[in-house]
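Take a look at the structure below.
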Amino acid sequence: MRKRTPVPTRLIPLLLGLAMGGVLFGGENTSKLPRLVFDETQHNFGEVYRGEKVSHKFILKNEGEGTLEVQGVRPSCGCTAAAPSKNNLAPGEQGDIEVTFQSDVFVGKVTKTIVVDTNDPETPHYTLTIEADVKEEVTANPRRLFLEQVRQGQSLKTEIEIKAVTDLDLEVTKINSSSPVLELEKRQRGNTHIIEVSIKKDAPLGRFGGDILVFTNSKRQPVLTIPFFGEIISDISIFPPTISYGTISKGSEAMRQVLITIYQEGVKLTRLEAMPEFLNLREATETGGRFHRLEVIITKDAPAGRLEGSLKIYSTSKAQPIINVPVYAVVK
Amino acid sequence: MRLLALIFLSLYISLPSYAEVTIIFSGEESGYLEPCGCTKEPLGGIAKRHSLLSLQGGPNKLLPISLGDLVGHVTRQNEIKMETMVESLRQMDYILHNIGEKDIHIGPEVLSYIFYSSPLELLSSNVLISSSYGLKVSPFVIKEIEEGGTKVKIGFLGILSPHLLEDNHKDIEIIPPSEALRPLVNQLKDRVDLLILLSHAPFEESLNLSSIFPEFQLIVSGHDVDHPIVRRSGNTTVVTCGTKGKHIGLYQPLHKPGGLEIFTLDDRYHESQEMLSLLQSYQQRLRDEDLLSKVERQAPPGDAAYAGNIICGTCHQAAFLHWKTTGHATAYETLVRVEHQYDPECISCHVTGLYYTTGFESIENTPLLKGVGCEACHGPGSLHKEQAIKGLKAEGYGKSTAGTCQTCHDLEHGPDFHFEGFWQKIIHPKEEVKG
């Protein structure tokens, strides 16, 4: 049976070829053309463990009259490798393309493709699809750690559970964090390894994030990566921490917003100050909730060159009476 | 000559101008604002996308929509990137953005910040975000277009698969897609001429939705399907537009049979000047915010620290002198040439040890670690140096394999890589090492 994918990538050269009266193909000698036929265009590996390698051979045949040249095999991602058994197939000859899939990054149902480039004029770019349901041998719960807002000086402790779902006698050999804000400790409860995550008391204000790396004795998953994210706050939090405009053209106005969130009840903003003089402030309409929005505007008369300024936010907060936000722009 | 050919092509591309409703779809950029320039045939990027859209005729008839996942990670760089991305979508007249799990990872407060002043509508039929963020999310969007005197109404719905959001964010709730869609589909199906679903879900889940809801003419799906795939399921076409912004989908439901076309953003498309200046501005922001000094760093493998090429060179002279002649030695200068030397994402593969303590920090602080140095392949070598000085054996130090190379020469940044050939190009000369 001759099966074709619905040719998703109907590319412009095709259109062009037609538009130009078929010069692209019309000129060719049509008597000795190769014809690429695959037995199947899709393969489902079923359940696969993350880190495990599986492979499958797609059988192809040249049912045309000219030599079929496999010019390229392009997997869509680094997790897939593909190689043809032969680069040239004589008319009637059969070959295969071996596709190897290894999922280190994905979990769940994944679909990957391999584009096969040949000299078959009808389908020069043929798409093969592979599917797999990637399971984990070692799982982390939660898989991402969302620590939300933590008040500076307060200690917050939370846990990540690391477990093996196979009969692997799991060992956690090392844990690492990319952020100095977190302190990690490990202990074991039966077959479950617990990573205690706490935030250091002297952690600086601001948003933080990164990855916790958990090294295990699993051959399939020697390292688990658990992204984390949070923010250390005090009475008031400012986003963004730095106001950068990038390059703006001289004579035009540019605006960036600032979000001011008040976490401590009773704290009031008393004064806002922007420097130098061609920085203007506009308080946007209240959006409700804990947010105040402020618009910081570089006026039309800002001179060309590098602009370094600051926004100062004064408040009744004892912890943060003045907050300074640096401002940068290049006016061209 | 090449330029002329390009212009010629571009003219030709614009010729078959179908005067009709055109829906343009893209998604899962995951942070790919621009191709990196590492390969001979860079694909994708907002600058090429803009010129493709310009070729398809003006606004009003064009309805560009975005599937979700603008950026891939949660860092300040990605916040700036998302802002840049949303600004580029605005300039390209996008009408809506469907919420993906990576958009949520970046934080609802950041979404609120970025979308507050954007005309782009945030769409989600099944993601509920606490109102305390002041974020407006529409469960559906209806657009009306004049087409040869008659009005065409198009309804857009959007979902996020609950399986994709792994953190329990207390301010976010996800309703099972079919539960959320049922009442909306019933409500909209007689009010619009066309129903389109943006399904931020694994392909299989989107196919399932197509059989539950035959009311959709088109389902734009995704989630890690790197390359465009098209499947017909009854009356519904289910399509992915691939990842990393390399492909753009175009759907013209009224005229052409099937009406679907996928474009690969290769070098037939020039880079639009507006987008290039936006990208330049983005680089300036990375520099001004000094993000290089703020990258998150892990402790390096083992207990060693990075020493620097010259230190290795004192004992391994032949290897050092030869290394100086390879592209690895000038990989940092390559970034200076293309004005990306303040971009931590680029720097990571063009210097030694960026993501590790004691690794590259900046050209001023750590000049010995610029370029792909000895320790980028052999690992931090301070302990080896000390042992060598004491005349001790180099116990297992410095094993370097094809896997080491592929941390940088991955499919995205060196698709032609194969160890044997590449290693032969830069193989160290044999040497006598004195301890």
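The values are calculated or read from the model by the stated rules, or taken from the named source; none is laboratory data. Predicted, not measured: the structure shown is a model, and the values here were computed from it. Cβ sites come from the backbone with ideal geometry, for glycine too, and all protein chains shown count toward neighbours.
Can you find a residue that is farther than 26 Å from B:Leu195 by Cβ and not in a strand (DSSP E or B) anywhere in the stretch B:242-255?
yes
Can you find, within the stretch A:290-305, the residue that is surrounded by the fewest Cβ atoms within 10 Å (Cβ to Cβ) among those that are among the basic types (Lys, Arg) and not in a strand (DSSP E or B)? Steps first, answer last, please.
If we filter the stretch A:290-305 for residues that are among the basic types (Lys, Arg), which is where we start, we get A:290, A:293, A:300.
Subsequent filtering for residues that are not in a strand (DSSP E or B) retains A:290, A:300.
Numbers: A:Arg290: 17, A:Lys300: 11.
Residue satisfying both the conditions and the ranking: A:Lys300.
I need a count of the residues in the stretch A:151-171 that are more than 14 Å from chain B (Cβ to nearest Cβ) and part of a strand (DSSP E or B).
Counting residues in the stretch A:151-171 that are more than 14 Å from chain B (Cβ to nearest Cβ) and part of a strand (DSSP E or B) gives 5.
Tell me the residue from B:Leu157, B:Leu207, B:Leu135 that is within 20 Å of B:Val238 (Cβ to Cβ), within 14 Å of chain A (Cβ to nearest Cβ) and either modelled with pLDDT of 95 or more or surrounded by 17 or more Cβ atoms within 10 Å (Cβ to Cβ) (or both), please. Lay out the reasoning, then the answer.
Working: B:Leu157 fails: within 14 Å of chain A (Cβ to nearest Cβ); B:Leu135 fails: within 20 Å of B:Val238 (Cβ to Cβ).
Sole residue among the options that is within 20 Å of B:Val238 (Cβ to Cβ), within 14 Å of chain A (Cβ to nearest Cβ) and either modelled with pLDDT of 95 or more or surrounded by 17 or more Cβ atoms within 10 Å (Cβ to Cβ) (or both): B:Leu207.
Quick one: in the stretch A:136-190, which of the residues that are within 25 Å of B:Gly302 (Cβ to Cβ) and β-branched (Val, Ile, Thr) is surrounded by the fewest Cβ atoms within 10 Å (Cβ to Cβ)?
This residue is A:Thr173.
Against the definition (away from chain B (no Cβ under 14 Å) and either outside any strand (DSSP E or B) or at pLDDT 90 or above (or both)), how does A:Glu185 come out, yes or no? Explain how you work it out, then say what you get.
Numbers: away from chain B (no Cβ under 14 Å): yes; either outside any strand (DSSP E or B) or at pLDDT 90 or above (or both): yes.
Against the criterion (away from chain B (no Cβ under 14 Å) and either outside any strand (DSSP E or B) or at pLDDT 90 or above (or both)), A:Glu185 qualifies.
Please go through the stretch A:97-109 and give me each residue that is modelled with pLDDT of 85 or more and surrounded by fewer than 17 Cβ atoms within 10 Å (Cβ to Cβ), ordered by number. Don't jump to the end; show me each part of the working.
So the first thing to find is which residues in the stretch A:97-109 are modelled with pLDDT of 85 or more, and the list is A:97-101.
Selection gives A:Glu98, A:Thr100.
All but one of (1) more than 9 Å from every other protein chain (Cβ to nearest Cβ); (2) touching a Gly at 6+ places or on another chain (Cβ under 8 Å) hold for B:Glu144; state the number of the condition that does not hold.
(2)
Within the stretch B:211-265, track down each residue that is more than 26 Å from A:Gly108 (Cβ to Cβ), charged (D, E, K, R) and within 11 Å of chain A (Cβ to nearest Cβ).
Selection gives B:Lys256, B:Glu261.
So which residues in the stretch B:409-435 are of a type in the set (A, V, I, L, M, F, W, C), away from every other protein chain (no Cβ under 12 Å) and farther than 18 Å from B:Ala318 by Cα? Before the answer, list the steps.
Just the residues of the stretch B:409-435 that are of a type in the set (A, V, I, L, M, F, W, C), to begin with: B:411, B:417, B:419, B:422-423, B:426-427, B:433.
From what is left, the residues that are away from every other protein chain (no Cβ under 12 Å) are B:419, B:422-423, B:426-427, B:433.
Result: B:Phe419, B:Phe422.
Checking B:His50 against (1) of a type outside the set (Lys, Arg); (2) within 24 Å of B:Tyr113 (Cα to Cα); (3) buried (at least 20 other Cβ atoms within 10 Å of the Cβ), which test does it fail?
So the condition that B:His50 fails would be (2).
Determine whether the stretch A:191-207 contains at least one residue that is within 13 Å of another protein chain (Cβ to nearest Cβ) and buried (at least 20 other Cβ atoms within 10 Å of the Cβ). Can you show your working first?
We begin by selecting, within the stretch A:191-207, every residue within 13 Å of another protein chain (Cβ to nearest Cβ); these are A:204, A:206-207.
Now narrow it down to the ones that are buried (at least 20 other Cβ atoms within 10 Å of the Cβ): A:207.
There is at least one residue in the stretch A:191-207 that is within 13 Å of another protein chain (Cβ to nearest Cβ) and buried (at least 20 other Cβ atoms within 10 Å of the Cβ).
Please state which of the following conditions B:Glu395 fails to meet, knowing it meets all the rest: (1) crowded, with 16+ Cβ neighbours inside 10 Å; (2) over 22 Å from B:Gly37 (Cα atoms); (3) among the charged types (D, E, K, R).
Against the list (1) crowded, with 16+ Cβ neighbours inside 10 Å; (2) over 22 Å from B:Gly37 (Cα atoms); (3) among the charged types (D, E, K, R), B:Glu395 comes up short only on (1).
Here is a check on your reading of the model: is A:Ser198 modelled with pLDDT of 90 or more and either farther than 30 Å from A:Ser315 by Cα or not assigned by TED's automatic domain parsing to the domain that holds A:Thr316 (or both)? Working first, answer last.
Working: modelled with pLDDT of 90 or more: yes; either farther than 30 Å from A:Ser315 by Cα or not assigned by TED's automatic domain parsing to the domain that holds A:Thr316 (or both): yes.
So A:Ser198 fits the description; yes.
Taking the condition of being in contact with a Phe, Trp or Tyr (Cβ under 6 Å, 6 or more places away or on another chain) and of a type in the set (A, V, I, L, M, F, W, C), how many residues in the stretch A:147-192 meet it? Steps first, answer last, please.
First, the residues of the stretch A:147-192 that are in contact with a Phe, Trp or Tyr (Cβ under 6 Å, 6 or more places away or on another chain): A:173-174, A:179, A:181.
Now drop any that are not of a type in the set (A, V, I, L, M, F, W, C), which leaves A:181.
Here the count works out to 1.
If you go through the stretch B:388-404 one residue at a time, do you hit one that is touching a residue at least 40 places away in the same chain (Cβ under 8 Å) and in contact with a Phe, Trp or Tyr (Cβ under 6 Å, 6 or more places away or on another chain)? So that I can check it myself, show each step before the final result.
Residues of the stretch B:388-404 that are touching a residue at least 40 places away in the same chain (Cβ under 8 Å), as a first pass: B:388-389, B:391.
Next, only the ones that are in contact with a Phe, Trp or Tyr (Cβ under 6 Å, 6 or more places away or on another chain) stay: none.
No, there is no match, as no residue in the stretch B:388-404 is touching a residue at least 40 places away in the same chain (Cβ under 8 Å) and in contact with a Phe, Trp or Tyr (Cβ under 6 Å, 6 or more places away or on another chain).
So, A:Asn324, is that one assigned to a strand (DSSP E or B), more than 14 Å from every other protein chain (Cβ to nearest Cβ) and closer than 19 Å to A:Ala254 by Cα or not?
Numbers: assigned to a strand (DSSP E or B): yes; more than 14 Å from every other protein chain (Cβ to nearest Cβ): yes; closer than 19 Å to A:Ala254 by Cα: no.
So A:Asn324 fails the test.
Just to be sure I understand the filter: pairs with C-beta atoms under 8 Å, separated by 6 or more residues or on different chains, first member in the stretch A:135-148 and more than 18 Å from A:Ser177 (Cα to Cα), second member in a strand (DSSP E or B) and among the aromatic types (Phe, Trp, Tyr). Which pairs pass?
As it stands, the answer is A:Lys135/A:Tyr49; A:Glu136/A:Tyr49; A:Glu137/A:Tyr49, since those pairs meet every condition given.
Exactly one of these conditions fails for A:Val330: (1) touching a Phe, Trp or Tyr at 6+ places or on another chain (Cβ under 6 Å); (2) within 14 Å of another protein chain (Cβ to nearest Cβ). Give me its number.
(1)
I'm checking my understanding of the structure. Among residues of the stretch A:36-50 that are within 31 Å of the chain's Cα centre (by Cα) and not charged (D, E, K, R), which one is surrounded by the fewest Cβ atoms within 10 Å (Cβ to Cβ)?
A:Gly46
I need the full set of residues from the stretch A:208-229 which are assigned to a strand (DSSP E or B) and either surrounded by fewer than 18 Cβ atoms within 10 Å (Cβ to Cβ) or in the same structural domain as A:Lys318 (by TED's automatic domain parsing) (or both), in order please. Even if it seems obvious, please write down each step before you answer.
At the first step, the residues of the stretch A:208-229 found to be assigned to a strand (DSSP E or B) are A:208-216, A:223-229.
Across the stretch A:208-229, the qualifying residues are A:Leu213, A:Phe215, A:Val223, A:Thr225.
Look at B:Gly222 and say whether it is assigned by TED's automatic domain parsing to the domain that holds B:Ser206, under 22 Å from A:Ala132 (Cβ atoms) and either in contact with a helix residue (DSSP H, G or I) (Cβ under 9 Å, 6 or more places away or on another chain) or not small (Gly, Ala, Ser) (or both).
Numbers: assigned by TED's automatic domain parsing to the domain that holds B:Ser206: yes; under 22 Å from A:Ala132 (Cβ atoms): yes; either in contact with a helix residue (DSSP H, G or I) (Cβ under 9 Å, 6 or more places away or on another chain) or not small (Gly, Ala, Ser) (or both): yes.
Taking the combined requirement at face value, the residue satisfies it.
If B:Pro119 meets every condition in (1) more than 23 Å from A:Ala284 (Cα to Cα); (2) surrounded by fewer than 22 Cβ atoms within 10 Å (Cβ to Cβ); (3) not basic (Lys, Arg) apart from one, which number is that one?
Only one criterion in (1) more than 23 Å from A:Ala284 (Cα to Cα); (2) surrounded by fewer than 22 Cβ atoms within 10 Å (Cβ to Cβ); (3) not basic (Lys, Arg) is unmet by B:Pro119, namely (1).
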